[in-house]
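Written below as structure tokens is the structure these notes are about.
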Amino acid sequence: MMTLPFTPDQFFEVFGSYNESLWPFAIALWLASFAALVFHLRGQLQRFTNVLLVTHWLWSAIAYHIAFFSRINPAAWLFAGLFLVQALLFVWYGVLIERLNYSSGRSLRHVLSSGLIVYALIYPALSWFEGFSFPRMPTFGIPCPTTLLTVGFLLVANRPLPRGLTAIPIVWTFIGGSAAFLLGVHADLMLLAAGISMLIYVVWAQPKALGHRATL
């Protein structure tokens, strides 16, 4: 069985410190994320979504991993590095060369995308319903809802989707998803479904769709 370098009590104390110190910023990030969903459904302000994703990954890297999680887990510095790399990838593909756009529709992929984005937004409420109490509970702006939100948008990003852009989110779905079993954060079970969906899309569905388009 996997052993962690911290206790569950230490883990939730990190959330307590994070929420007590940064809750106004977490609320602001939640409001911006809700706005991004509204803009996405209306087909507006694609650049806003990309800037938001940059902000999410930078915030999780610095405000969560470095500032708080590193107090109990040395691996937080490695995680912060991965999140910073992901932020830079979104800067490059989404902001500088504007290669990322997001489609709306009613296909299964679009329904799954919207479901994951909404799930990320209600993630703090799910933690509360699960029995956690504020401030010692997972809320918003932390890695797991950030990854769920990201996968939700990437599932409907324009093709071809750079595979390098999906690697770190997929890896984190399995790292973060382990918290559902190791730490009892059952809301993180959705991360595993998100990671499997993203893998299927990148490895099988997207190449198949592109090959079909090439034959037309």
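Descriptive notes on the structure:
- With respect to the conditions (1) more than 17 Å from the chain's Cα centre (by Cα); (2) modelled with pLDDT of 95 or more, residue 107 lacks only one, and its number is (2).
- Of all residues making up the stretch 1-51, the number that are touching a Phe, Trp or Tyr at 6+ places or on another chain (Cβ under 7 Å) and either surrounded by fewer than 17 Cβ atoms within 10 Å (Cβ to Cβ) or closer than 22 Å to residue 118 by Cα (or both): 13
- The residues in the stretch 5-61 that are β-branched (Val, Ile, Thr) and touching a residue at least 40 places away in the same chain (Cβ under 8 Å) can be counted, and the count is 5.
- In the stretch 25-78, the qualifying residues are those that are among the aliphatic types (A, V, I, L, M) and not in a helix (DSSP H, G or I), and the one that is farthest from residue 110 (Cα to Cα) is 72.
- Of residues in the stretch 61-101 being more than 22 Å from residue 143 (Cα to Cα) and not aliphatic (A, V, I, L, M), the one nearest to the chain's Cα centre (by Cα): 101
- Selection count where residues are buried (at least 17 other Cβ atoms within 10 Å of the Cβ) and in contact with a His (Cβ under 8 Å, 6 or more places away or on another chain), scope the stretch 98-125: 2
Condition check ((1) assigned to a helix (DSSP H, G or I); (2) touching a helix residue (DSSP H, G or I) at 6+ places or on another chain (Cβ under 6 Å); (3) over 24 Å from residue 19 (Cβ atoms); (4) modelled with pLDDT of 95 or more) across all residues:
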site: 149; (1), (2), (3), (4): yes, yes, no, yes
site: 175; (1), (2), (3), (4): yes, no, no, yes
site: 180; (1), (2), (3), (4): yes, yes, no, no
site: 192; (1), (2), (3), (4): yes, yes, yes, yes
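- Screening the candidates 155, 148 for the property of being crowded, with 22+ Cβ neighbours inside 10 Å, within 11 Å of the chain's Cα centre (by Cα) and not aromatic (Phe, Trp, Tyr) yields one hit, 148.
- When restricted to residues that are among the β-branched types (Val, Ile, Thr) and touching a strand residue (DSSP E or B) at 6+ places or on another chain (Cβ under 9 Å), the stretch 1-58 contains 1.
- Test result for residue 90, in contact (Cβ under 8 Å) with a residue 60 or more places away in the chain, buried (at least 22 other Cβ atoms within 10 Å of the Cβ) and of a type in the set (A, V, I, L, M, F, W, C): yes
- The residues on offer are 169, 162, and the sole one that is under 21 Å from residue 202 (Cα atoms), surrounded by fewer than 16 Cβ atoms within 10 Å (Cβ to Cβ) and either free of Cβ contacts under 8 Å to residues at least 12 places away in the same chain or not small (Gly, Ala, Ser) (or both) is 162.
The values are calculated or read from the model by the stated rules, or taken from the named source; none is laboratory data. Quick caveat: nothing in here was measured; it's all calculated off a predicted structure. So basically every Cβ, Gly included, is an ideal-geometry build from the backbone, and we count neighbours across all protein chains shown.
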